[in-house]
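Enquirer: Provided herewith is a single structure, encoded as C-alpha cells, for subsequent inquiry.
The values are calculated or read from the model by the stated rules, or taken from the named source; none is laboratory data. Quick caveat, the model's predicted, so the values are computed rather than measured. Here the Cβ positions follow ideal geometry from the backbone for every residue, glycine too, while neighbour counts run over all protein chains shown. Quick note on the areas: whole protein, heavy atoms, side chains included, nothing else; ligands and nucleic acids left out. Shrake-Rupley method; radii C 1.70, N 1.55, O 1.52, S 1.80 Å.
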Amino acid sequence: MIEPRLPPRAACATLLFALGGDALAQDLEVSGSSEKSVRIVRTETPPVIDGVLDEAAWSSAATIEDLHQIQPVEYAEASEPTLIRLMYDDDALYIGARLYDSEPEQITARILRQGAEVFADDWFAVTLDPFHDRRSGYLFQTNPNGLRQEALYQNVSEEQWDWQGIWYAAAGIDGEGWIAEMAIPFKTLSFDPLNDTWGINFRRSIARRDERIGWVSRNRATNPSVSGIAIGFEGLDQGLGLDVVPAIALRDSRDRLSDVDDSESAPSLDLFYKITPSLTGSLTLNTDFSATEVDDRQVNLTRFALFFPEKRDFFLQDADIFEFGGIGENGRPFFSRRIGLAADGEIVDIDAGAKISGRVGRFNLGMLSIRQEASTDAPAETSTVARVSANVLSESTVGLIATHGSPQSPLDNSLVGADFMYRNTRLPGGRVLEGEAWVQQSRTEGIDGDDRAYGLRVRSPNETGFRGGVGFTELDENFNPALGFANRVGIRRLDGDLGYTHRPRSGFLRAVGGGFEAERIERLAGGLESQEIELELLEAEGRRGDNVRVERSFNKEVLLEPFDIHPGVVIPAGEYSFASTRVNFEFADQRKLSGEIGYQTGGFFSGDRDEIFGAIRWRPSGHFTGRLEYGVNEIDLPEGTFTTRLLSVRADIVFSARLSWVNLIQYDNVSEVIGINSRLHWIPEAGREAYLVLNHSAEDLDRDDRFHSSFSEAAVKFNYTFRF
C-alpha cells in the first residue's frame, strides 16, 4: 500500500506571518518582465555541434546578452554574463551559448549519464513555443558535459520530463567558463510553417550559488506564457516528415513459483509521420515496453488507490494535448496507464495503436486508439480517446474530450467532457491568475444515472508575496472514467489555500514564508469522508538552496466500514480526529553529498504514528551516483501495532555519456518482495539505443525473513530511428 512522503496539499484561507526585510526584488524597475524580441539569422553553413564556438557562421548569428537574475533576486544583475547566439537553416535551429564564469574551476558538472536529470549541475536551457500561442512548447536543456534533457509543457507551466525528442548537444569547459551548443531539428518539432514568429526563452543555472538567470521572467517563472519572441523563421524543411523506428526485443523469463519458463523474440515498429508540419500521425505495432524504467515503490496507508505517472514513450508523444481541465489526479477522464495493464497491474500486450496529434490553426487536436489483448479482467479491447481544444483570449483554452473503452473491465464504457482553462500572466506586479472549469459525463453498461462530475478552481500561484486559491469538485457515485483515473467518487471536495512568501535581498535566507491550506471531502449521500487542515508554520530556504519546512496538520476521517489497513489490523467504522507535526530538512543537490530527512509524529486514526524518512545521495564524480532512501512508519493502534519499511538503493555507474549501467533495488515489508532492476543502456547518438535489462524478484513467502527467488527476466532491446 502507498503514501506520499509529505502530507497531501490541501487548502483554505489565512495568513500565518510575514517576516520583515528589504523590499522585494519585483519592485525593481527593469525590463526583465517585458516581452523581448530577437530577429533570427539564416545560415548557409550549419555549425559542427562539438562544444566549441569556432565556426565563422557564429560571428554573424543573432545575439542575446540582456539576461537577469530570476533567483535569488528577480531582475537583479546576474553574477556572471551570458552571451547567446541564434541561427537556423532549412533543417534545424542552432543555439550557441558562451556562459562566462569567473571561477571556471568551480563549475559543477558531476552528471554524465544520458537521460539523468541535470538540475544539480550548472545548466543552460531554451524554451520554444513554435506556435507562439503562449500555451504549449518544448524545453531543451544541457549541462557542461553536453547531456540532453528535454520536456514538453502541459497545462502551460507543467514540465513533462518523460518526453523524449531527437536533438543534439555538446559542451565544454574552458578558461572563461563553459560553452553549450545545440542543434534542434525541425523534424523533432511541430510548428506552423506560415508563422515566422516563435516564442523563445533562455535560462541558466549556476549551481554553486543556486542562482537562476533568464532572458524573460515574471513572478520568477519562465514557460511558454512567459517568454520573448524570435522573428524571421521561413523556409523550414521537415523532409518527408517520416520517422521509422524498428525495434527488436529478446526476452527470457522464469516464474519460479509456478515453475514456468517463457522465451520470446518480439519485433515492434513505431512510425511517426508529419501529416502537416503541425500535425503528426503515429502508428505502433506489437508495442514493447521492456526497457521502460520501473516505478518507484511506495507504501500506502490510505484506503484509496495511488496515481503513478506515465513513462512509456509512445503515450508521451504530444501528451500535453490530451490534458484536461488542469485535473491533477482524481477525476481525470484520460490516464494512459489504464492501457496495457490489467486491474491487478499485470502487463497486457498491445497489438497496435494509432494516434493523430498536433495543431491546426488555433485548434489543438488529439486522437488515440489502442488495441490490446485480453486479460483476466477484460476481453480484447480497442480503447479510443479524442481531444480538441481551441485557443481563446490571450492565454486560455476551451475544449472537449471523448473516450470509449474499458481496458480493465468487461463492461462497455464511454465518457464526454468539456473544459475551460483560463490563464493571465500579465497582471500588475507580475501576478498570475489561473482558473479551470470542467464537466464530464460517463456512461457504463448496466448503470443509469448519478454518473456526472464537474469542478471549478481559481488560484493565484505567485512565487513572491501572497498566493492562494479556492476549488470545488463533485464526482457522482456512479461516475466511471474507465480510461481515466478516479480513486474517490460519490464525493464533493472543497479546498482552499492562502500563503505568503518573503524573499529578502540579503542575509542567509533566500525565502521565508508560511501559509494555510484546507481540504474537506463530503459524501454526496451525506456526511463527512475526510478533512485536513494544514498549517505551514515555517518554510525557509537558504542561499545555497537548503530548506526547512515545519507543518502542523489536523485531520478527520469517517469510516463507514472497517478499514483493513494492515494484515491482521482492522480499524473499526467510526469518526476519527487526530493531529500531527512534520519537520523536513532538504540539503542542496549540487553538493557531492546531499539528501533530505523528515520526521512526522502525532495521532493516526485511533492511535499514534511516527514516521522517519531519509535519503542520502553521493556524487563523487560524473562516473558514479549512489542514492539510499529509507522510510519507516511505526503505527500504534488499539487494534494492533505494526511497522512499515521501504528501502530503495540505487547505483548509477556511468562509463561515458553514451554508456551507463543503472541498478535499482527496492524492498518493502508489506509485500515482502525485494525487486532488482539492472539496465545497461547504450546511446551511440540520439534516436539510436540498445538496452540489456535484468529483473529479479525475491519474496518472503512464509514471513519468516527468508527470501526465495520468485521471478527472473532478462531482456535485450535495440531500436534505431530512420528519419526521412
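Enquirer: Roughly how many percent of the accessible protein surface of region 657-724 is carbon and sulfur, given a 1.4 Å probe and a whole-percent answer?
Expert: Within region 657-724, the accessible surface is 60 percent carbon and sulfur.
Enquirer: Considering only the other residues whose Cβ falls under 9 Å of the Cβ of Y138, what net charge follows from Lys and Arg at +1 and Asp and Glu at -1?
Expert: Every neighbour counted, the sum reads -2.
Enquirer: Strictly over 26 Å apart at the Cα level, which of K187/K355; K187/K311; K36/K355; K36/K592 would you flag in this model?
Expert: In this structure, K36/K355; K36/K592 lie more than 26 Å apart at Cα.
Enquirer: What are the semi-axes of the equivalent ellipsoid of region 77-212, taken as the square roots of 5 times the eigenvalues of the Cα gyration tensor, listed largest first and rounded to whole Å?
Expert: Values: eigenvalues 129, 49, 40 Å².
Semi-axes (√(5λ), whole Å): 25, 16, 14.
Enquirer: Quick one: compute a quarter of the convex hull surface over the Cα atoms of the chain and quote it in nm².
Expert: 29.9
Enquirer: May I pose another question? In region 543-594, if the dipole is taken from +1 on Lys/Arg beta carbons and -1 on Asp/Glu beta carbons about the Cα centre, which of P572, L593, L560 is farthest to the positive end?
Expert: L593
Enquirer: Could I ask something else about it? Quick one: net charge of L701's neighbours, Cβ under 14 Å, K/R +1, D/E -1?
Expert: Taking every Cβ under 14 Å from that of L701, the sum is -4.
Enquirer: Another question, then. Can you pull the one-decimal nm distance between simple spin-label points at V52 and I616, each 7 Å off the Cα toward Cβ?
Expert: 4.2
Enquirer: Report ³J(HN,Hα) in whole Hz for each residue of region 366-376, in order, from the Karplus equation J = 6.51 cos²θ - 1.76 cosθ + 1.60 where θ = phi - 60°; Gly and Pro get x.
Expert: Each residue's phi maps through the Karplus curve to give x, 9, 9, 9, 10, 10, 10, 6, 5, 10, 5 Hz.
Enquirer: I need the shape label for region 579-724. Rule: rounded when a/c is under 1.5, else prolate if a/b > b/c, else oblate, with a, b, c from the alpha carbon gyration tensor.
Expert: oblate
Enquirer: Can I ask one more? Highest mean first, how do 156-163, 299-306 rank when packing is the count of other Cβ atoms within 10 Å averaged over residues?
Expert: Output ranking for 156-163, 299-306: 156-163, 299-306.
Enquirer: Hey, another quick one. Quick query: amide H of N286 versus all other amide H atoms, modeled in the peptide plane; which residues come in under 5 Å with a sequence gap of 5 or more or a different chain?
Expert: Correct list: A352.
Enquirer: If you don't mind, there's one more thing I want to ask. Please name whichever of L53, A402, Q440 sits farthest to the positive end of the charge dipole of the chain, dipole taken about the Cα centre and charges placed at Cβ: Lys and Arg +1, Asp and Glu -1.
Expert: Farthest towards the positive pole: L53.
Enquirer: Also: Between Y720 and L400, what is the spin-label point distance in nm, taking each point 7 Å from the Cα along the Cα→C-beta axis?
Expert: 4.5
Enquirer: In whole Hz and in residue order, list the ³J(HN,Hα) couplings for region 710-723 that follow from phi through the Karplus curve 6.51 cos²θ - 1.76 cosθ + 1.60, θ = phi - 60°; x for Gly and Pro.
Expert: Going residue by residue, I get 10, 7, 9, 8, 10, 9, 10, 9, 10, 9, 9, 9, 9, 10 Hz, with x marking Gly and Pro.
Enquirer: From the Cα gyration tensor of region 266-351, with a ≥ b ≥ c the square roots of its eigenvalues, which class applies: rounded if a/c is under 1.5, or else prolate if a/b is larger than b/c, or else oblate?
Expert: oblate
Enquirer: Carbon-plus-sulfur fraction of the accessible area of region 527-593, 1.4 Å probe, in percent?
Expert: 58
Enquirer: Now for a separate question. Residue by residue, what Karplus-based ³J(HN,Hα) values in Hz, rounded to whole numbers, does region 214-229 have, using 6.51, -1.76 and 1.60 with θ = phi - 60° and x for Gly and Pro?
Expert: Working through the residues one at a time gives x, 8, 10, 8, 9, 6, 6, 10, 9, 6, x, 7, 10, 7, x, 10 Hz.
Enquirer: Also, quick follow-up: Counting only protein heavy atoms, what percent of the accessible surface of region 317-356 is carbon or sulfur at a 1.4 Å probe?
Expert: 46
Enquirer: Probe of 1.4 angstrom, ligands and nucleic acids ignored: what's the accessible area per residue over the chain, in square angstrom?
Expert: That works out to 41 Å² for each residue.
Enquirer: Kindly state, to the nearest 0.05, the FRET efficiency for L593 paired with I347, given R0 = 41 Å and r defined as their beta-carbon distance.
Expert: Working: r = 38 Å, r/R0 = 0.92.
Efficiency, rounded to the nearest 0.05: 0.60.
Enquirer: Okay, moving on. Please report the relative contact order for the chain, taking Cα pairs under 8 Å with a sequence separation of at least 6, and give it as a percent rounded to a whole number. Kindly include the intermediate steps, with their values, before the conclusion.
Expert: Details: 2083 pairs, mean separation 88.7, N = 724.
Computed value for the chain: 12 percent relative contact order.
Enquirer: Sticking with this structure for a sec: Could you tell me the relative contact order of region 533-658? Use alpha-carbon pairs under 8 Å, at least six residues apart, and round to a whole percent.
Expert: 17
Enquirer: Here's something else I'd like to know. Note down the net charge around R510, summing +1 for each Lys or Arg and -1 for each Asp or Glu among other residues with Cβ under 9 Å from its Cβ.
Expert: The answer is +1.
Enquirer: Using +1 at the C-beta of Lys and Arg and -1 at the C-beta of Asp and Glu, which of N195, P224, T284 has the Cα lying farthest in the positive direction of the dipole of region 176-288?
Expert: About the Cα centre, the residue reaching furthest to the positive side is P224.
Enquirer: Hey, got the dipole for the chain? About the Cα centre, +1 on K and R Cβ, -1 on D and E Cβ, debye to the nearest 20?
Expert: Charge dipole of the chain: 1600 debye, to the nearest 20.
Enquirer: Give me the distance in nm between label points sitting 7 Å out from Cα along the Cα-to-Cβ direction at D636 and A573, one decimal.
Expert: 3.0
Enquirer: Helix-only estimate, please: 222 nm mean residue ellipticity of the chain, summing -39500 (n - 2.57) across DSSP H runs of length 4 or more and dividing by its residues, to the nearest 500.
Expert: Numbers: 1 runs with 4 residues, N = 724.
Helices in the chain give a 222 nm mean residue ellipticity of 0 deg cm²/dmol.
Enquirer: Turning to a different aspect of this structure: Collect residues whose amide H, placed 1.01 Å from N in the peptide plane, falls under 5 Å from the amide H of F604; neighbours closer than 5 in sequence don't count.
Expert: R609
Enquirer: Consider a paramagnetic label point 7 Å from the Cα of S678 along Cα→Cβ; state which residues of region 282-299 have an amide N under 19 Å from it.
Expert: From region 282-299, the list is 290-295.
Enquirer: On to the next question. What is the magnitude of the charge dipole of region 489-623 about its Cα centre, with +1 placed on the Cβ of each Lys and Arg, -1 on the Cβ of each Asp and Glu, and no other charges, expressed in debye to the nearest 20? Could the numbers behind the result be given before it?
Expert: Working: 18 positive and 23 negative charges, 188 e Å.
That gives a dipole near 900 debye.
Enquirer: I need the shape label for region 181-274. Rule: rounded when a/c is under 1.5, else prolate if a/b > b/c, else oblate, with a, b, c from the alpha carbon gyration tensor.
Expert: Note, shape of region 181-274 comes out oblate.
Enquirer: Further, regarding this structure: What does the charge dipole of region 132-269 about its Cα centre add up to, to the nearest 20 debye, if the Cβ of each Lys and Arg holds +1 and the Cβ of each Asp and Glu holds -1?
Expert: That gives region 132-269 a dipole magnitude of about 760 debye.
Enquirer: I've got another one for you. For A525 and A374 in one chain, what is 0.36 nm times their gap in residues minus the Cα-Cα distance, to one decimal in nm?
Expert: Extending this stretch completely gives an extra 50.8 nm.
Enquirer: Given a Förster distance of 41 Å, report the FRET efficiency between V360 and F472 from their Cβ-Cβ distance, rounded to the nearest 0.05.
Expert: 0.75
Enquirer: Amide H to amide H under 5 Å from N300: which residues, 5+ apart in sequence or cross-chain, H placed 1.01 Å off N in plane?
Expert: I2, E3
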